[in-house]
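One structure is given here, and the rest of the page talks about it.
The values are calculated or read from the model by the stated rules, or taken from the named source; none is laboratory data. The structure displayed is predicted, hence computed values, not measured ones. Cβ sites come from the backbone with ideal geometry, for glycine too, and all protein chains shown count toward neighbours.
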Amino acid sequence: MRTATATATATVLTLALAAATASPATAASTPGKPSTDGLWRVDGYGTVLSLDGDTLQEFQTTSISCLKGDRARRTGPGTYATSDGTTLTVRPGPGRSRATLGYETSVGHRSLRRIQKLPAGCTRPTSKDPRTAFDVFWHSFAENYPFFAAKGVDWQDMRDRYRRKVHQDTTRKELFGIFSDMVRPLYDAHVAVRDGDRVFAQVRPGTEMPSPQLDAKSKKFVIERDLGGAPYRQDFANGRITYADLPGRADQGYLRISGFAGYTAQEAAYPAHLAELDKALDTILTTERTRRLKGLIIDLRINGGGSDALGIHIAERLTDTPYVAYAKRARNHRTDPGRHTRPEPIRVVPADGPRYTGPIAVLTSGTTVSAGETFTQALIDRPGGTVRIGQPTQGVFSDVMERSLPNGMTAILPNEEFLNRSGETYDGTGIPPHITEPVFTKDEFAKNRDSAFDRAVSVLRNDG
């Protein structure tokens, strides 16, 4: 997941990979003035960008505020690198008034519209007092968060109830508590409040966030119980990917993916993670194996997310036919949460080389989070047959916005929707399974059962 502690944190300029924040990139100065230099408003995202020679500067805006965000340095024609090594690309559109912004770690593009001057708030200092911080916090959600109605939360009521508790002498600890109380009813794993090392975040009731402990426990359990010790199993991508042919069934395979990030042992930028993924896929999906397999189990039950682009990259090895994974849009109106950017279809295009195109059983649970969910969604309309087994996913899909507050705190929230072909989202409820089975419960562990795995083996055997 694009994370900060237990929640996703990606800004318009920074899409952090879980357990794999990148080291600073070396930015090469490129001669000549780019045609995209100038000021741009991002459609949605509450952001203005200033491109000036070798520098890209972000401004985070609301109707009452404008605060400087991240900076990036130009590394080539239309490309910029943030301090953590993430590459973003600005491409001119028709004429000089339009452009697009893209991220190597994400999917889709953001539309830019040229403006003549910065918003007025960007040219004057912003007070750091508690009430101003409160107002910027409230407006950040009011103008960007898409799911208040679905969550049954009256955000205006939250302002009326809590602003009266904020005074000039309100402490940071008290203000942090107020912000936490305001977002608590959202039960959104992509929402968080951060003040230094102090973070408030939570998941949907009845679920838990993936943790290294749960990841290790479940992996050991599957290897010993389901794979018979798996003497021929292979681990890839810093242990995030595991593959084994099922014992006694050379025509069925098991692929475990615990995240779409952290694929290298050292801090590295996105291309290094992509290279590790390709090594894994080239080793697993050989010509011989793709011909032999009659069924593949993909285990996403403990998956903390990461890069949506890596998920699409895997999906491209699982089809011979192009198709649309989902469409992506963002809220883009300050007062009307029902208005969005135009949905952009995200396509899956068959990769070169061997591809597996047979039946797939995807195992999911409430600890299938963020990019784990967008990958699950990318397989829904996959040609070749995909059945989901287990429990609903967590229900958070969007890239997330990391909004700086005047007092140095940070608000973290989503603003995007990932649409299925019916134009609906799975936010909040998660993607439901076709077949419901318990997943890694105390009873399952105690009785040495893995009902979801066993059902997947049975379903694939019948399909084969």
Condition set part of a strand (DSSP E or B) and under 21 Å from the mean Cα position of the chain (by Cα), scope the stretch 240-263, selection farthest from D454 (Cα to Cα): answer is F260
Within the stretch 52-65, residues being crowded, with 21+ Cβ neighbours inside 10 Å and more than 25 Å from the chain's Cα centre (by Cα) number 1
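Would you mind stating whether Y232 is surrounded by 17 or more Cβ atoms within 10 Å (Cβ to Cβ) and either modelled with pLDDT under 95 or among the aromatic types (F, W, Y) (or both)?
Details: surrounded by 17 or more Cβ atoms within 10 Å (Cβ to Cβ): no; either modelled with pLDDT under 95 or among the aromatic types (F, W, Y) (or both): yes.
So Y232 does not fit the description; no.
Can you spot a residue in the stretch 389-396 that is outside any loop (DSSP other than H, G, I, E, B), among the hydrophobic types (A, V, I, L, M, F, W, C) and modelled with pLDDT of 95 or more? Break it down stepwise before answering.
First, the residues of the stretch 389-396 that are outside any loop (DSSP other than H, G, I, E, B): 389-390.
Okay, now just the ones that are also among the hydrophobic types (A, V, I, L, M, F, W, C), so 389.
Filter once more, so that each one left must be modelled with pLDDT of 95 or more: 389.
Yes; the residues of the stretch 389-396 include at least one that is outside any loop (DSSP other than H, G, I, E, B), among the hydrophobic types (A, V, I, L, M, F, W, C) and modelled with pLDDT of 95 or more.
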If P354 passes every condition in (1) surrounded by fewer than 22 Cβ atoms within 10 Å (Cβ to Cβ); (2) out of contact with any helix residue (DSSP H, G or I) (no Cβ under 6 Å at 6 or more places or on another chain) but one, which one does it miss? (2)
Return yes or no: is D454 within 15 Å of the chain's Cα centre (by Cα) and acidic (D, E)? no
Where in the stretch 295-380 are there strands (runs of 3 or more DSSP E), lying wholly inside it, with at least 1 residues that are β-branched (V, I, T) and free of Cβ contacts under 8 Å to residues at least 40 places away in the same chain? 344-348
Looking only at the stretch 412-439, which residues are buried (at least 22 other Cβ atoms within 10 Å of the Cβ) and on the phi > 0 side of the Ramachandran plot? G430
Note: among A268, A189, A230, A216, just one is farther than 23 Å from N415 by Cα, of a type in the set (A, V, I, L, M) and in contact (Cβ under 8 Å) with a residue 40 or more places away in the chain, namely A268
Conditions first: (1) over 23 Å from the mean Cα position of the chain (by Cα); (2) at pLDDT 90 or above. A27 passes all but one, so which condition is the exception? (2)
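Taking the criterion of being without any contact (Cβ under 8 Å) to a residue 40 or more places away in the chain, within 26 Å of P345 (Cα to Cα), touching a Pro at 6+ places or on another chain (Cβ under 8 Å) and not aliphatic (A, V, I, L, M), would at least one residue in the stretch 430-445 satisfy it?
Going through the stretch 430-445, the residues without any contact (Cβ under 8 Å) to a residue 40 or more places away in the chain turn out to be 441-444.
Checking which are within 26 Å of P345 (Cα to Cα) leaves us with none.
No: zero hits.
Yes/no per residue for (1) polar (S, T, N, Q); (2) closer than 23 Å to T87 by Cα; (3) surrounded by 24 or more Cβ atoms within 10 Å (Cβ to Cβ); (4) in contact with a helix residue (DSSP H, G or I) (Cβ under 8 Å, 6 or more places away or on another chain):
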residue	(1), (2), (3), (4)
L300	no, no, yes, yes
S307	yes, yes, yes, yes
G311	no, yes, yes, yes
A315	no, yes, no, yes
L318	no, no, yes, no
V324	no, no, no, no
H333	no, no, no, no
Selection count where residues are surrounded by 19 or more Cβ atoms within 10 Å (Cβ to Cβ) and closer than 22 Å to G248 by Cβ, scope the stretch 440-450: 1
Of the numbered conditions (1) modelled with pLDDT of 95 or more; (2) out of contact with any Gly (no Cβ under 6 Å at 6 or more places or on another chain); (3) farther than 29 Å from T126 by Cα; (4) not aromatic (F, W, Y), G385 fails exactly one; give the number of that condition. (1)
Among the candidates D399, D463, which residue alone is of a type in the set (D, E, K, R) and crowded, with 19+ Cβ neighbours inside 10 Å? D399
Do we find that R164 is at pLDDT 95 or above and touching a strand residue (DSSP E or B) at 6+ places or on another chain (Cβ under 9 Å) in this structure? no
Considering only residues of the stretch 209-228 that are surrounded by fewer than 16 Cβ atoms within 10 Å (Cβ to Cβ) and not in a helix (DSSP H, G or I), which is nearest to the chain's Cα centre (by Cα)? S211
